[in-house]
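*Asks:* For reference, the structure I am asking about is given below.
The values are calculated or read from the model by the stated rules, or taken from the named source; none is laboratory data. Because the structure is a prediction, the values reported are computed rather than measured. Note that we place each Cβ from the backbone using ideal geometry, even for glycine, and neighbour counts take in every protein chain shown.
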Amino acid sequence: MSQPLSVFEKRDHVDTLAVGMMLMLTFAWGFNQVLIKVSTEGYSPIFLTFARSTLAALVVFAWCHFRGIRLFEKDGTLIAGTIVGLLFGAEFALIFLGLDLTTAARGTLMINTMPFWVLLGAHFFLGEKITPMRLAGVVLAFAGVALVFSDELSLPDRSALTGDLICLAAGMLWGATTIVIKMSRLATAKPEKTLLYQLVVSSMMVVPLIPFGGPMLRNPDFLSTGSLLLQAVFIVAFTYLLWFWLVRRYPASGLTPFAFLSPVHGVILGGLLLNEPLSVNIFIALGLIAAGLLLVNRPARRVQPG
């Protein structure tokens, strides 16, 4: 009789533990879009990119010191770590800039095209083939997301088109970051070290851009400052560590389709917290997304020897 896998061993498919964690993560990432919109009311997008990464890095450093996690040993991850740090910094600079120009609904949809880019990258670079069933599941889930935004994708002004394109580019960079981690030695590195590469490099890369991003302080208040701190401590320092832990142990193409839930959570929270209108389409879309996720994460049928 086979022994059950421990939570630290690699899996070849997404299990119940991963599903629960991804549901929590996608809720937090949907909430993050609301936090970004609130924080840009008080601070410039480039300054927010720097401040969020710097504050989160300090929290992760403190966590590593408390846990006795060694970070500075040579393990061949420097080049890959620098690359993912640059990708991460560019991604969030684009997210802050994009959401400053377009609506939360339009920007969130563009950002969450990430699973398409990961599926393509995993197919060509990781050997994770796109099966017809998995592709059908992704298309079904995306149809649900499109339904959520079907009544809300209005164009407030022409600058929103620029914001949409910027957020789309951010989604591509998010997918590229995941692929680089899976392809490199970062796949076996400590999650804390992987995250710190991204935080430290991204905070350094945007420093020269701060003077060109307009006034750092717009109208800072308790709400915008609290949103910045919540992003740094919870969204970045906690949920990203959990995400990297999952990426190391589960197939990338099995995890990333859950990102389709992030805009759904974002719309619901936007309705509750920002007074954005909700409709029955959201609940229909949730059913489509759930069905898509079942198809994407359904384990392949094993052929019995004849």
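*Asks:* Based on what the data block shows, is LEU230 surrounded by 20 or more Cβ atoms within 10 Å (Cβ to Cβ), in a helix (DSSP H, G or I) and of a type in the set (A, V, I, L, M)?
*Replies:* On the way: surrounded by 20 or more Cβ atoms within 10 Å (Cβ to Cβ): no; in a helix (DSSP H, G or I): yes; of a type in the set (A, V, I, L, M): yes.
No; evaluated as a whole, the condition is false for this residue.
*Asks:* Still on this structure, please answer the following. Just a yes or no: is a residue in segment 209-223 buried (at least 21 other Cβ atoms within 10 Å of the Cβ), of a type outside the set (Asp, Glu) and on the phi < 0 side of the Ramachandran plot? Show your work before the answer.
*Replies:* Of segment 209-223, the ones buried (at least 21 other Cβ atoms within 10 Å of the Cβ) are none.
Taking every residue of segment 209-223 in turn, none turns out to be buried (at least 21 other Cβ atoms within 10 Å of the Cβ), of a type outside the set (Asp, Glu) and on the phi < 0 side of the Ramachandran plot.
*Asks:* Now a separate question. Looking at ALA122, ALA90, ALA143, which one is under 14 Å from the mean Cα position of the chain (by Cα) and either polar (S, T, N, Q) or outside any loop (DSSP other than H, G, I, E, B) (or both)?
*Replies:* Working: ALA122 fails: under 14 Å from the mean Cα position of the chain (by Cα); ALA143 fails: under 14 Å from the mean Cα position of the chain (by Cα).
That would be ALA90, the only listed residue that is under 14 Å from the mean Cα position of the chain (by Cα) and either polar (S, T, N, Q) or outside any loop (DSSP other than H, G, I, E, B) (or both).
*Asks:* Can I ask one more? Could you run through segment 60-89 and say how many residues are surrounded by fewer than 19 Cβ atoms within 10 Å (Cβ to Cβ) and closer than 20 Å to PHE238 by Cβ?
*Replies:* Residues that pass the stated criteria total 10.
*Asks:* Where residues in segment 6-32 are surrounded by fewer than 12 Cβ atoms within 10 Å (Cβ to Cβ) and over 15 Å from LEU242 (Cβ atoms), which of them is modelled with the lowest pLDDT?
*Replies:* Checked segment 6-32; the qualifying residue modelled with the lowest pLDDT is SER6.
*Asks:* Could we say that PHE96 is touching a Pro at 6+ places or on another chain (Cβ under 6 Å) and within 19 Å of ALA160 (Cα to Cα) here?
*Replies:* Values: touching a Pro at 6+ places or on another chain (Cβ under 6 Å): yes; within 19 Å of ALA160 (Cα to Cα): yes.
Here the answer is yes, as PHE96 does meet what is asked.
*Asks:* So if I check each of LEU241, LEU173, LEU199, which one is at pLDDT 90 or above, of a type outside the set (D, E, K, R), under 12 Å from VAL60 (Cα atoms) and assigned to a helix (DSSP H, G or I)?
*Replies:* Details: LEU241 fails: at pLDDT 90 or above; LEU173 fails: under 12 Å from VAL60 (Cα atoms).
Being at pLDDT 90 or above, of a type outside the set (D, E, K, R), under 12 Å from VAL60 (Cα atoms) and assigned to a helix (DSSP H, G or I) holds for just one of LEU241, LEU173, LEU199, which is LEU199.
*Asks:* Select from segment 125-134 the residues that are in contact (Cβ under 8 Å) with a residue 12 or more places away in the chain and assigned to a helix (DSSP H, G or I) and list them in ascending order. Please lay out each step first, then the result.
*Replies:* Residues of segment 125-134 that are in contact (Cβ under 8 Å) with a residue 12 or more places away in the chain, as a first pass: 125-126, 128, 130-131, 133-134.
Scanning segment 125-134 gives PHE125, LEU126, MET133, ARG134.
*Asks:* Answer yes or no as to whether LEU278 is of a type outside the set (Lys, Arg) and modelled with pLDDT of 80 or more.
*Replies:* On the way: of a type outside the set (Lys, Arg): yes; modelled with pLDDT of 80 or more: no.
In short, no.
*Asks:* Considering only residues that are buried (at least 17 other Cβ atoms within 10 Å of the Cβ), out of contact with any Ser or Thr (no Cβ under 9 Å at 6 or more places or on another chain) and modelled with pLDDT of 65 or more, which ones fall in segment 287-304?
*Replies:* If we filter segment 287-304 for residues that are buried (at least 17 other Cβ atoms within 10 Å of the Cβ), which is where we start, we get 288-289, 292-293, 295-297.
Now narrow it down to the ones that are out of contact with any Ser or Thr (no Cβ under 9 Å at 6 or more places or on another chain): 288-289, 292-293, 295, 297.
Residues satisfying the conditions are LEU288, ILE289, GLY292, LEU293, LEU295.
*Asks:* Could we say that ARG106 is among the charged types (D, E, K, R), assigned to a helix (DSSP H, G or I) and farther than 26 Å from ILE46 by Cα here? Outline the logic, then answer.
*Replies:* On the way: among the charged types (D, E, K, R): yes; assigned to a helix (DSSP H, G or I): yes; farther than 26 Å from ILE46 by Cα: no.
No: the conditions fail for ARG106.
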